[in-house]
1. Anything in segment 93-139 that is closer than 30 Å to A5 by Cβ, assigned to a loop (DSSP other than H, G, I, E, B) and open to solvent by 40 Å² or more (accessible area, probe 1.4 Å)? List them, or say none.
2. Being assigned to a helix (DSSP H, G or I), at pLDDT below 95, open to solvent by 70 Å² or more (accessible area, probe 1.4 Å) and farther than 27 Å from E120 by Cβ, is that true of even one residue in segment 14-36?
3. Being within 26 Å of S174 (Cβ to Cβ) and surrounded by fewer than 16 Cβ atoms within 10 Å (Cβ to Cβ) is the filter here; which residues of segment 297-320 pass it?
4. May I ask you to list the residues in segment 56-87 that are free of Cβ contacts under 8 Å to residues at least 40 places away in the same chain, within 16 Å of K44 (Cα to Cα) and not in a helix (DSSP H, G or I)?
5. Condition first: charged (D, E, K, R) and out of contact with any strand residue (DSSP E or B) (no Cβ under 9 Å at 6 or more places or on another chain). Now tell me which residues in segment 140-169 satisfy that.
6. On the given criteria, is K274 modelled with pLDDT under 95, open to solvent by 20 Å² or more (accessible area, probe 1.4 Å) and within 22 Å of H176 (Cβ to Cβ)?
7. Of the conditions (1) free of Cβ contacts under 8 Å to residues at least 24 places away in the same chain; (2) open to solvent by 80 Å² or more (accessible area, probe 1.4 Å); (3) not in a loop (DSSP other than H, G, I, E, B), D51 clears all except one; give me its number.
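The values are calculated or read from the model by the stated rules, or taken from the named source; none is laboratory data. Quick caveat: nothing in here was measured; it's all calculated off a predicted structure. Glycine also receives a Cβ, built like all others from the backbone with ideal geometry; neighbour counts cover every protein chain displayed. Note: accessible area is taken over every heavy atom of the protein model, side chains too, but ligands, DNA and RNA are not part of it. Shrake-Rupley method; radii C 1.70, N 1.55, O 1.52, S 1.80 Å.
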Amino acid sequence: KEFKALEQAVAECFADMDWLQEGHGLMLAGVGGTIRALGKIDQKARNYSFDRIHAYTFTRERLDDMVEMLRGMTLAERERVPGLNADRADLVLPGALIVRQVMRQGGFEELTVSGQGVREGLFYEHFLVGETPPLLLDMRGFSVQNLARVYNYETIHAAKVRELALALFDQTASLHGYGPWERELLGYAATIHDIGVAVGYYDHHKHGEYLVLNASLQGFSHREIVLLALLVRYHRKGNVSVKAYSDILNASDEQRVARLASLLRIAEYLERRKSQVVQGLHVEIGDTVRVVTQADDDASVEIWDANRRSDLFAQAFGRAIEIV
């Protein structure tokens, strides 16, 4: 009886908010402790593989399931719900009803959780003082650049690897068929590919994966963060595996990672000595893909190493590659 009365009261509070319907087709984001709590409950229920709440998305159907679960529990039982802090157990159900009403009335099928709130908003006002409004025009690019700087990345080397990787991407477009989204991710991965060196040189590709997964990257979905981490992980060596993140990635992402990582790996080894000796490249596509490098000095070490590490390209694209 109390639950139905509460549900009716929430509906009455939103009765005059017709403007909510204008958001149909747009993204709905939620800020605050109740939103985060609902996201964490859903993550635990799904055994979600990525321990990060910011940018996590749950559907209205999943919210309905959470409401039904919570309404059948006593307060003591709610205090033991995985993902829910005990001090929020008394508020989470009415909060969930408010969120559900917003989603129903606005026609939203899913909600994206913000891990940031008023405190971070105050910070951005001070950080971006003089900007009106105090917003970063390119949040994604800023986040990646900030992460690179935190770990003292080598600016010139990263820029050259990015340049060569994107040149390979653009000139092999007829083979991979990817577009601006994949190109953007490849460029970002090239910028931060070596940040793991801050932990240790040996296995720095693995350290880099960890740092990306645990960084405060803003503006990226969980899928995109995982893809970036995997590109960093496989920029150096190893056969691609995405099994650990199968609940986050799409079925096509293993091939996507393999193909993009193979391009990043070749670019990395063409900049092996960090001397920028390889100035550019030209790709000739045939039964064998031929990469003709343009160098301003002896690049025999880079060419030898890039050929030695080109096996991932052959696996991912199904054809041999020769770097000359």
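1. E109
2. yes
3. Once the filter is applied, which keeps residues that are within 26 Å of S174 (Cβ to Cβ) and surrounded by fewer than 16 Cβ atoms within 10 Å (Cβ to Cβ), segment 297-320 yields R308, D311, A314, Q315, G318, R319, A320.
4. E79, R80
5. Step one: of segment 140-169, the residues charged (D, E, K, R) are 140, 149, 154, 160, 162-163.
Scanning segment 140-169 gives R140, R149, E154, R162.
6. Working: modelled with pLDDT under 95: yes; open to solvent by 20 Å² or more (accessible area, probe 1.4 Å): yes; within 22 Å of H176 (Cβ to Cβ): no.
Judged against the criteria, K274 is not a match.
7. It is condition (3) that D51 fails.
For (1) over 15 Å from R236 (Cα atoms); (2) free of Cβ contacts under 8 Å to residues at least 40 places away in the same chain, each residue gets a yes or a no:
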| site | (1), (2) |
| --- | --- |
| H282 | yes, no |
| V289 | yes, no |
| A295 | yes, yes |
| A299 | yes, yes |
| D305 | no, yes |
| R308 | no, yes |
| D311 | no, yes |
| F317 | yes, no |
| I323 | yes, no |
